[in-house]
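K.L.:
Take a look at the following structure, please.
The values are calculated or read from the model by the stated rules, or taken from the named source; none is laboratory data. Because the structure is a prediction, the values reported are computed rather than measured. Cβ coordinates were reconstructed from backbone atoms using ideal geometry, including for glycine residues, and neighbour counts include every protein chain displayed.
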Amino acid sequence: MWAWALLPVFLAVFGIIGMWAVFAIAVFNNTVNITEEVPFISTCGSYNPQSCLFSQICNICSVLAGLVLGFISSIGISILGNFQQSIVMGAHLLGVFLTFFLGLAYFWVQAWLSYHSLLSHDRKWVVPVRVILCSLCTCLIICIFVLYNTGFRSEAAICEWALVMCFFAFFAIFAAEFRHIDCHKLTVQNNERKSTSYANGVWAIQEIH
């Protein structure tokens, strides 16, 4: 059913718009000063009122990501959104690890599985795009740590924003698998004497006369 393909696309669109909305609010109320340095996403979402929006966006994305991906990476999104770095840094870093490191590992596995299992007409474009995004995400994570530890905070923050956008783009590509999800209807009739048959993916129960 093609409508299932809208789920990962909605996750990507909602997440991207939400993150930039948090950034806009943080700039508007002078919580961050972009003339001094480019702020990290977590910095934008650490202070009220945008911290409330940031937490809610992360919670919704966590639920949607849980449907598209798995529990571990999606719970990391919720943790980093609800434990701001200015309050509980340890829990926030745990959420970052679960989201980005385990999430990236999952993406690499997904890219490998796509090559071996995806339908041929989807594999032609899905696999190269996923490999490119995974490679880009890997490079960005390395750049974030190198730049941050060498004092280039603005450059590291730019890499973080780019990394998150790549993650959401990867989410959207799951539409290639979700559009192949199909649903079957189970029909049950309340009769005293019945016979069951299976045809075209549907169990049918018919009365015997």
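K.L.:
Just to verify a result, which residue in the range 16-66, among those that are over 17 Å from the mean Cα position of the chain (by Cα) and aromatic (F, W, Y), is farthest from L80 (Cα to Cα)?
P.N.:
F28
K.L.:
Go through the residues of the range 38-54 one by one and say whether even a single one is closer than 30 Å to A176 by Cβ, part of a helix (DSSP H, G or I), modelled with pLDDT of 75 or more and not β-branched (V, I, T).
P.N.:
Within the range 38-54 (the criterion being closer than 30 Å to A176 by Cβ, part of a helix (DSSP H, G or I), modelled with pLDDT of 75 or more and not β-branched (V, I, T)), the answer is yes, since at least one residue qualifies.
K.L.:
Could you look through the range 57-87, keep only residues that are outside any helix (DSSP H, G or I), hydrophobic (A, V, I, L, M, F, W, C) and modelled with pLDDT under 75, and pick out the one that is nearest to I141 (Cα to Cα)?
P.N.:
L69
K.L.:
Oh, and also: For the list (1) buried (at least 20 other Cβ atoms within 10 Å of the Cβ); (2) free of Cβ contacts under 8 Å to residues at least 12 places away in the same chain, I need the number of the one condition that L80 fails.
P.N.:
All conditions are met except number (2).
K.L.:
Against the definition (closer than 23 Å to F170 by Cα and at pLDDT 85 or above), how does V32 come out, yes or no?
P.N.:
Considered against the rule, which asks whether it is closer than 23 Å to F170 by Cα and at pLDDT 85 or above, V32 comes out as no.
A quick yes/no check of all residues on (1) surrounded by 16 or more Cβ atoms within 10 Å (Cβ to Cβ); (2) assigned to a helix (DSSP H, G or I); (3) at pLDDT 90 or above:
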residue: A111; (1), (2), (3): yes, yes, no
residue: H116; (1), (2), (3): no, yes, no
residue: V126; (1), (2), (3): yes, yes, no
residue: S135; (1), (2), (3): no, yes, yes
residue: A172; (1), (2), (3): yes, yes, no
residue: H184; (1), (2), (3): no, no, no
residue: T187; (1), (2), (3): no, no, no
